[in-house]
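The values are calculated or read from the model by the stated rules, or taken from the named source; none is laboratory data. Since the structure is predicted, the reported quantities are computational estimates derived from the model, not experimental observations. Glycine gets a Cβ as well: all are built from the backbone with ideal geometry, and neighbour counts include every protein chain shown. Note: accessible area is taken over every heavy atom of the protein model, side chains too, but ligands, DNA and RNA are not part of it. Shrake-Rupley method; radii C 1.70, N 1.55, O 1.52, S 1.80 Å.
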Amino acid sequence: MIQNGIKTRVVGVDISLERTSIGIVDIRGNIIATDCFVTSEYPYIGDYVSVLCEHILNLVEQNGGYETIRSVGMCSPSGNYRTSSIENAPNMPWKGIVPLAAMLRDRLGMAVALANNAHAMALGEQTFGAAHGMRDFAVISMGHGLGSCFFSNGLVHLGNDGFAGEVGHSCFIPNGRLCGCGKRGCLETYCAANGIVKTAKEVMAERSEPSMMREVETLSPKIIQNFCELGDVLAIETYRRTGYWLGMGLANYASILNPEAFIFTGGVAQAGKWLFEPANEAFEEHVFHNIQGKVKFLVSNLENRTRNMLGASVLAWNVKEYSLFK
């Protein structure tokens with residue numbers, strides 16, 4: 001078969017609870033153009049798919065046309081690379097099994113790949129970021145949820161059903177806080193955004209010291225971090241507890257995986273020393289002794305949505321090409 005040329009661009013889509021970001025990415029990893037819309041405005045999956053396709057088509061038509069696009073890669077919370085579906089996402093508006101890649105393929109007429117957002121983050125870090133050159137590492141995504149994906153001997157490990165790496169839903173405290181997945185005591189309920197706010201409220205209920213947190217109606221990890229910078233004792237205690245729990249959870253994870261590094265992404269990871277100093281202390285205290293002092297804690301230096309779109313583009317390059325328009 002004689003082929004006159006190759007398609008030199010793909011579409012990368014990053015789906016989060018707040019926003020869906022779309023980028024056209026070329027063969028060298030340059031993001032040519034971007035677009036976005038609010039995910040939560042479309043609680044019905046059919047409406048969401050229609051809007052997503054419309055945004056993709058408009059962006060493609062304005063930037064070189066369909067003939068330049070090889071495929072589409074998407075990442076989403078609870079996305080399963082093996083089934084190309086979103087499966088029982090606890091924090092997303094669409095429940096049950098959502099065959100999102102198939103729905104887009106039918107609408108767009110081209111190949112579509114879907115994976116968990118932590119999977120795409122790990123691909124982005126391995127190809128363009130802090131994990132470049134590493135063969136054994138784990139990416140920890142810290143936002144509304146606590147996601148993870150790990151590479152072993154240079155390859156992503158997905159497990160039998162595609163759900164390997166769900167450290168956020170490992171039981172951390174028996175009969176602990178209720179998680180969005182329906183279980184109790186998941187690590188996510190202590191170290192993700194809502195868990196940090198719950199910890200802040202617990203700290204304020206336990207202790208009588210004044211705190212700027214008491215004056216805020218709607219707390220967030222970022223606000224609590226800002227109060228840490230201002231010396232607020234209870235805010236600092238909130239992140240000390242969070243860091244300690246995170247370090248203990250990752251010590252168990254590392255004792256099984258033996259990674260070279262943990263790479264942290266997401267808004268919560270921007271808390272810096274307030275989170276990672278107690279986390280590293282707890283990690284070294286609890287990790288298997290032969291691993292002590294050998295696992296690096298790294299915060300990603302890639303902007304979150306940029307990295308996720310780049311990771312989704314890697315998924316797009318790896319999927320087998322298909323088009324109704326050949």
Worksheet item: For the range 1-159, what's the radius of gyration and Dmax over Cα atoms, in angstrom?
Response: 15.8, 49
Worksheet item: Between residue 212 and residue 175, what is the spin-label point distance in nm, taking each point 7 Å from the Cα along the Cα→C-beta axis?
Response: 3.9 nm
Worksheet item: List the chymotrypsin sites (Phe, Trp or Tyr not before Pro) in the range 1-51 that DSSP assigns to loop (not H, G, I, E or B) and whose Cβ has at most 11 other Cβ atoms within 10 Å. Which are they?
Response: 44
Worksheet item: Mind checking the dipole of the chain: about its Cα centre, +1 per Lys or Arg Cβ, -1 per Asp or Glu Cβ, Debye to the nearest 20?
Response: 600 debye
Fill in: Total charge dipole magnitude, the range 152-237, about the Cα centre, Cβ charges on Lys, Arg, Asp, Glu only, Debye to nearest 20
260 debye
Worksheet item: Looking at the range 112-191, which trypsin sites (Lys or Arg not before Pro) are in a loop (DSSP not H, G, I, E or B) and have at most 14 other Cβ atoms within 10 Å?
Response: 135
Item to complete: Select from 225, 96, 244 the residue farthest towards the positive end of the dipole of the chain; place +1 on Cβ of Lys and Arg, -1 on Cβ of Asp and Glu, and compute about the Cα centre.
Response: 96
Worksheet entry | Inter-label distance for residue 35 and residue 8, nm, one decimal - labels placed 7 Å from Cα along Cα-to-Cβ | 2.2 nm
Worksheet, complete the sentence: Given backbone amide H placed at 1.01 Å from N, residues whose amide H is under 5 Å from that of residue 260, ignoring those fewer than 5 places away on the same chain, are 136, 137
Worksheet item: What number, in percent, do you get for the relative contact order of the chain if the mean sequence gap of Cα pairs under 8 Å and at least 6 apart is divided by its residue count?
Response: 21 percent
Response to the item:
Plugging the Cβ-Cβ distance of residue 27 and residue 223 into 1/(1 + (r/R0)^6) at R0 = 41 Å yields, to the nearest 0.05, a FRET efficiency of 0.50
Fill in: Alpha carbon convex hull of the range 149-267, volume per residue in cubic angstrom
127 Å³
Item to complete: In nm, give the distance between the simple-model label positions of residue 281 and residue 91, each being 7 Å from the Cα along the Cα-to-Cβ direction.
Response: 2.7 nm
Item to complete: Only Cα pairs under 8 Å and at least 6 apart count here; give the relative contact order of the range 187-276 as a rounded whole percent.
Response: 35 percent
Practice prompt. Across the range 214-321, how many lysine pairs, 8 or more positions apart or on different chains, have C-alpha atoms separated by under 25 Å? Please give the number.
Written response: 4
Response to the item:
Of the range 242-262, those with amide N under 17 Å from the point 7 Å along the Cα→Cβ vector of residue 296 are 258-262
Worksheet item: For the chain, which whole percent of the accessible surface, found with a 1.4 angstrom probe, sits on carbon and sulfur atoms?
Response: 51 percent
Worksheet item: Which loop chymotrypsin sites (Phe, Trp or Tyr not before Pro) in the range 110-201, with loop taken from DSSP, have no more than 15 other Cβ atoms within 10 angstrom of their Cβ?
Response: 163
Discussion item. Could you tell me the relative contact order of the range 235-292? Use alpha-carbon pairs under 8 Å, at least six residues apart, and round to a whole percent.
Written reply: 58 percent
Worksheet, complete the sentence: Expressed in angstrom and ordered largest first, the alpha-carbon extents of the range 127-185 along the principal axes are 40, 25, 15
Discussion item. Could you work out how much longer the chain between residue 320 and residue 83 gets when fully extended? Use 0.36 nm per residue separation minus the Cα distance between them, nm to one decimal.
Written reply: 83.8 nm
Worksheet item: Of the peptides 242-253, 286-297, 265-276, 221-232, how do they stack up when ordered by the mean number of other Cβ atoms within 10 Å, highest first?
Response: 242-253, 265-276, 221-232, 286-297
Item to complete: With the Cα gyration tensor of the range 228-326 in hand, give its eigenvalues times 5 under a square root as the equivalent ellipsoid semi-axes, listed largest first in whole angstrom.
Response: 34, 20, 9
